[in-house]
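Peer 1: The structure follows.
Every number in this text was worked out from the coordinates using simple rules, so none of it is lab data. Only a predicted model underlies this, so the values are computations on that prediction, with no experimental measurement involved. Ideal geometry is used to build each Cβ from the backbone, glycine not excepted, and the neighbour counts take in all protein chains shown.
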Amino acid sequence: MRSWNVPALPSLPGSAPLPTLHDTATGSKHVTDVSRGGQLYVCGITPYDATHLGHASTYLAFDTLGRIWRDAGVEVTYVQNTTDVDDPLLERARDTGVDWRELAASQTDLFRSDMEHLGVIPPDHFVAVTDVVDDVARSVSALLESSFAYRVDTPDSSAGDDVYFDVDRAGQETLWHLGIESRLDPETMMRFFRERGGDPDRDGKRNALDPLLWRAARDGEPSWPTVLGEGRPGWHIECTVIALEHLSLPLSVNGGGSDLIFPHHEMSAGHGTALTGETFSSLYAHAGMVAYEGEKMSKSLGNLVKVSELVASGVDPRAVRLALLQHHYRSDWEWFDDDVTASIARITHWVAWAADATPGAEATPLVAALRDALADDLDTPNAVAAVERAVVEDVPPTSVDVDAVHALLGIDLRA
């Protein structure tokens, strides 16, 4: 599946340090392992509504990681999926009377447009789940053969049985176990599993936390003919299979929003380890949640602030990006409508400052400040503050300073 256009990425003189990131699995910061290159997998959208600022904040975080890796001379391989068949998408399609394929295609197109507007470097592999159904089915079949998966009687399907992952067996016989990444207690796991798409009360499961690997076809639902019969993938296994196809294990970073810590990332890792015998990822990084008027920004609450709507109203996309970068990626924060107004004013000042840039060839104190801030757990607020100080104090910029703002923060002050 096509991604979107690659933005310009100026090269900078000197060298950048390898970034450290906060690892959810250990609760501490580590230098990212790029011994096999930067192997980055970030979970993508379920395309049933437009990109809101919570999405955008997550993708800007990992865009920043890719930028600092590239500045440090790391060869990056970035993979992202789009879950273009899933229960929320199908429900939205039924509610709106739109074919689910048309809904997914239109919202994926809008997502591409939003990412282009924000200057996000596209993934090397942007993969739709509907393009890997056969691959998922084969992987689930392999898990059945190795006894890490089992069938559950499914009387409402004429195509066979649903298939579930056996978390207890995987925890006993592989390098993976429940809690290895999330570090959650059983009670919290159960609550999140129930809230985030799990079915703990399903009859026939061996453990209430066993996740669905394969959903046998039901009447009125999309399905595909595979080695498992007619059906479609479960949620977590999709990302596992896509990551295994395009990246080497362990991943350098498995990333996404903090609402994916459990069960999604933990179960995806379990599937990957059960399939390969290897540790799935060296580090798990998660972006915080964005609220609006005191509540989490979400499709279900209908309180989304959408990138496309801001841009359509005439807001400079650079101001949207800057407004997001002023918050640390791991923090939970709240969007206020006047945030973008302040960022528009700041962009105006920055552009005027950059217009006076003189030619340069050497790294400057500002370049060093940007590199140091971003290498420390992607500290974009400190990086933005470094540029703001230079502008406010009227430090004469060089072309290298302007290139650094573009390359590292993704804000082109010459546009």
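Peer 1: Do any trypsin sites (Lys or Arg not before Pro) in the stretch 191-258 lie in a loop, going by DSSP, with at most 15 other beta-carbon atoms within 10 Å of their beta carbon, and if so which?
Peer 2: Passing both the DSSP loop test and the Cβ count: ARG196, ARG202, ARG206.
Peer 1: Could you give each residue of the stretch 261-271 its phi-based ³J(HN,Hα) in whole Hz, using Karplus coefficients 6.51, -1.76, 1.60 with θ = phi - 60°, and x for Gly or Pro?
Peer 2: For the stretch 261-271, the Karplus-derived couplings read 3, 9, x, 4, 5, 5, 6, 4, 5, x, 4 Hz, x marking Gly and Pro.
Peer 1: Of all DSSP beta bridges located in the chain, what percent are antiparallel, nearest 5?
Peer 2: So the antiparallel bridges in the chain amount to around 45 percent.
Peer 1: Suppose the chain between ARG202 and THR358 were pulled fully straight at 0.36 nm per residue; how much longer would it get relative to their current alpha carbon spacing?
Peer 2: The span from ARG202 to THR358 would gain 49.5 nm if fully extended.
Peer 1: Alpha carbon centre of the stretch 1-48 versus the stretch 184-219: separation in Å?
Peer 2: Result: 31 Å between the Cα centres.
Peer 1: With angles folded into 0 to 90 degrees, how steeply does helix 186-195 sit against the dominant principal axis of the chain? Use alpha carbons for both and round to 10.
Peer 2: Compared with the principal axis, the helix lies near 90 degrees.
Peer 1: How high is the FRET efficiency between ALA312 and GLN172 when r is their beta carbon distance and R₀ equals 56 Å, given to the nearest 0.05? Display every interim value, and only then the final one.
Peer 2: On the way: r = 53 Å, r/R0 = 0.96.
That gives a FRET efficiency of 0.55.
Peer 1: Taking only Cα atoms and a 10 Å spring cutoff, compute GNM fluctuations for the chain and point out the largest among PHE262, PHE280, PHE336.
Peer 2: With Cα springs under 10 Å in the chain, the top fluctuation among PHE262, PHE280, PHE336 is at PHE336.
Peer 1: Out of PRO263, PRO47, PRO200, any idea which swings most in a Gaussian network model of the chain, alpha carbons joined below 10 Å?
Peer 2: For the chain, modelled as a Gaussian network with Cα springs under 10 Å, the answer is PRO200.
Peer 1: Report the residues of the stretch 9-32 in range of a label on SER399: point 7 Å along Cα→C-beta, backbone N strictly under 20 Å from it.
Peer 2: 9-15
Peer 1: Here's a follow-up. Test of understanding: given the chain, find the longest segment containing no GluC sites (Glu not before Pro) that are in a DSSP loop and have at most 15 other Cβ atoms within 10 Å.
Peer 2: Answer - 76-277.
Peer 1: Now for a different question. Taking springs between alpha-carbon atoms closer than 10 angstrom, which of ALA274, ALA361, ALA291 fluctuates most in the Gaussian network model of the chain?
Peer 2: The residue that fluctuates most here is ALA361.
Peer 1: Using +1 on the beta carbon of Lys and Arg, -1 on that of Asp and Glu, and nothing else charged, what's the dipole of the stretch 1-130 about the Cα centre, debye to 20?
Peer 2: The calculated dipole for the stretch 1-130 is roughly 420 debye.
Peer 1: Something else about it: Starting from the amide H of LEU213, placed 1.01 Å from N in the peptide plane, find each other amide H under 5 Å away whose residue is 5 or more places distant or on another chain.
Peer 2: Amide H neighbours of LEU213: VAL163, TYR164, PHE165.
Peer 1: Kindly identify the stretch 1-71 as rounded, prolate or oblate by the Cα gyration tensor criterion: order the square roots of the eigenvalues as a ≥ b ≥ c, call it rounded if a/c is under 1.5, otherwise compare a/b with b/c, prolate if a/b is larger, else oblate.
Peer 2: Judged from the Cα gyration tensor, the stretch 1-71 comes out oblate (a/c at least 1.5, b/c at or above a/b).
Peer 1: Something else now. Return a whole-number percent for the relative contact order of the chain, with Cα pairs under 8 Å and 6 or more residues apart as the contact set.
Peer 2: Relative contact order, the chain: 22 percent.
Peer 1: Could you work out how much longer the chain between GLU293 and SER113 gets when fully extended? Use 0.36 nm per residue separation minus the Cα distance between them, nm to one decimal.
Peer 2: That works out to 62.2 nm of additional length.
Peer 1: Which whole-Hz ³J(HN,Hα) couplings does the stretch 380-388 yield from phi under the Karplus relation 6.51 cos²θ - 1.76 cosθ + 1.60, θ = phi - 60°, glycine and proline marked x?
Peer 2: 5, x, 5, 5, 4, 4, 5, 5, 4
Peer 1: Same structure, new question: Long-range amide H contacts for ALA291: which residues qualify at under 5 Å (H placed 1.01 Å from N, peptide plane, sequence gap of 5 or more or a different chain)?
Peer 2: MET297, TRP333, GLU334, TRP335
Peer 1: Tell me the mean residue ellipticity at 222 nm calculated for the chain from its helices only (DSSP H runs of n ≥ 4, each -39500 (n - 2.57), averaged over every residue, nearest 500).
Peer 2: Result for the chain: -12500 deg cm²/dmol, rounded to the nearest 500.
Peer 1: Then there is this: Pull out a ≥ b ≥ c, the square roots of the eigenvalues of the alpha-carbon gyration tensor of the stretch 21-287, then state rounded if a/c is under 1.5, prolate if not and a/b is larger than b/c, and oblate in the remaining case.
Peer 2: Values: a/c = 1.71, a/b = 1.19, b/c = 1.44.
Since a/c reaches 1.5 but b/c is at least a/b, the shape of the stretch 21-287 is classed as oblate.
Peer 1: Return the FRET efficiency for the residue pair ASP337, SER158: r is the Cβ-Cβ distance, R0 is 56 Å, and the value is rounded to the nearest 0.05.
Peer 2: For ASP337 and SER158, the calculated efficiency is 0.60.
Peer 1: SER146 to GLU245: FRET efficiency via 1/(1 + (r/R0)^6), r the Cβ-Cβ distance, R0 25 Å, to the nearest 0.05?
Peer 2: Efficiency at R0 = 25 Å is approximately 0.85.
Peer 1: With unit charges on the beta carbon (Lys/Arg positive, Asp/Glu negative), name the residue among ALA287, ALA216, THR226 whose Cα is farthest towards the positive pole of the charge dipole of the stretch 191-318.
Peer 2: Selected residue: ALA287.
Peer 1: Charges on Cβ only, +1 for Lys and Arg, -1 for Asp and Glu, centred on the Cα centroid of the chain; of PRO88, GLY54, TRP4, which one is farthest towards the dipole's positive end?
Peer 2: Going by the charge dipole, the pick is TRP4.
Peer 1: About the Cα centre, and with charges only on the beta carbon of Lys, Arg (+1) and Asp, Glu (-1), how big is the dipole of the chain? Nearest 20 debye, please.
Peer 2: 440 debye
Peer 1: Then there's this: Modelling each spin label as a point 7 Å along the Cα-to-Cβ direction, I'd like the SER35/SER15 distance in nm, to one decimal.
Peer 2: 1.9 nm
Peer 1: Using the Karplus equation 6.51 cos²θ - 1.76 cosθ + 1.60 (θ = phi - 60°), what ³J(HN,Hα) coupling, rounded to whole Hz, does each residue of the stretch 398-415 give in order, writing x for Gly and Pro?
Peer 2: 9, 4, 5, 4, 5, 4, 5, 4, 5, 5, 9, 9, x, 10, 8, 7, 9, 5
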